[in-house]
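Right, one structure below, let's go through it.
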Amino acid sequence: MNAPDRPDPAQRPLILGSTSPYRRELLERLRLPFSVRSPGVDETPHPAEAPAALARRLALAKAQAVAQQAPDAWVIGSDQVADLDGLAIGKPGNHARAVQQLRAMSGRTVVFHTAVAVVCQASGFVAEDLAEIRVRFRTLADADIEHYLLIERPYDCAGSAKAEGLGISLLESIDSDDPTALIGLPLIRTAQLLRQAGLTIPPRSMPSSPGSAPLLPSGVAS
């Protein structure tokens, strides 16, 4: 990890390199002003790429892609990949694939790898971390799956598991040292990386409104 320059890290803008509304809502909890930009990164896995490695690579790629557009900013990138016995499970994108995912995970333990990276191109700062969440799914009847999907439509969530909503009813247990990681952004690790970059958290002054991020563009969340 490269050390940041120290003149005044708080004066650099903060950007969330993600169009995910879930990550935006989580980052707002840190009460830092930030904006949102789409990273536009190809999320296709490399051949034989392990799920944890995929999450790390994409989180860093998203942060670096936005940092190229805004070199003076602190940029946060994040990605989540579900792991069922070494098989990467991403966002289903549609109903049929969500049904397949949930049937495969029924009664099983799935590891969700949630990576986060912070980059500032101007200062040369690069840091990243990974949270692992072990989730045990209860045995799911097809009727449970269908009703859940019709209500939540979690087609932009890794593994179809929208744990901040009705998806919590599909689970038996969650084991994690960074609880918000399952929703999409590990805030404990994110705050640690931002402090390494020189930001003060909790902030010493309050923004006019938590997060000050602009409206998100439509489309699939990154």
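The values are calculated or read from the model by the stated rules, or taken from the named source; none is laboratory data. Since we're looking at a predicted model, the values are computed, not measured. Here the Cβ positions follow ideal geometry from the backbone for every residue, glycine too, while neighbour counts run over all protein chains shown. Areas reflect the complete protein model, heavy atoms only, side chains present, ligands, DNA and RNA absent. Shrake-Rupley method; radii C 1.70, N 1.55, O 1.52, S 1.80 Å.
Which shape class, rounded, prolate or oblate, goes with the range 1-90 when its Cα gyration tensor gives a ≥ b ≥ c as root eigenvalues, a/c under 1.5 marks rounded, and past that a/b bigger than b/c marks prolate? Prolate, since a/c reaches 1.5 and a/b exceeds b/c.
On a per residue basis, the chain carries 46 Å² of accessible surface, using protein heavy atoms and a 1.4 Å probe.
Computed over protein heavy atoms with a 1.4 Å probe, the carbon and sulfur contribution to the accessible area of the range 116-177 reaches 47%.
When Rg and the Kirkwood Rh are both derived from Cα coordinates, the Rg/Rh ratio for the chain amounts to 0.98.
Our coupling estimate for the range 156-171, obtained by passing each phi through the Karplus curve with A = 6.51, B = -1.76, C = 1.60 and θ = phi - 60°, is 10, 10, 4, x, 6, 9, 8, 5, 7, x, 5, x, 4, 6, 8, 9 Hz, Gly and Pro reported as x. Which of ARG138, ARG29, ARG108 moves the most in a Gaussian network model of the chain with Cα springs under 10 Å? Between ARG138, ARG29, ARG108, it is ARG29 that shows the largest mean-square fluctuation. FRET efficiency for GLN196 and SER35, Cβ-Cβ distance as r, R0 = 25 Å, nearest 0.05? Working from the Cβ atoms, E equals 0.75.
Between ALA122 and HIS95, the contour length at 0.36 nm per residue exceeds the Cα-Cα span by 5.4 nm. Carbon-plus-sulfur accessible fraction, the range 12-102 (probe radius 1.4 Å, protein heavy atoms only): 52%.
Model label sites at THR109 and GLU43, defined 7 Å from Cα along the beta-carbon direction, differ in position by 2.6 nm.
With 0.36 nm allotted per residue and the present C-alpha distance subtracted, the SER169-ARG204 stretch has 8.8 nm of extension available. What is the angle, in °, between the Cα long axis of helix 95-105 and the longest principal axis of the Cα atoms in the chain? Nearest 10 is fine, range 0 to 90. On a 0 to 90 degree scale, this one is about 80. The peptide list 32-44, 173-185, 139-151, put in order of mean Cβ contacts within 10 Å with the highest first, becomes 173-185, 32-44, 139-151. The angle separating the long axis of helix 142-152 from the principal Cα axis of greatest extent in the chain is about 30 degrees. For the chain, a Gaussian network of Cα nodes joined below 10 Å ranks ALA73, ALA127, ALA104 by mean-square fluctuation, and the top entry is ALA104.
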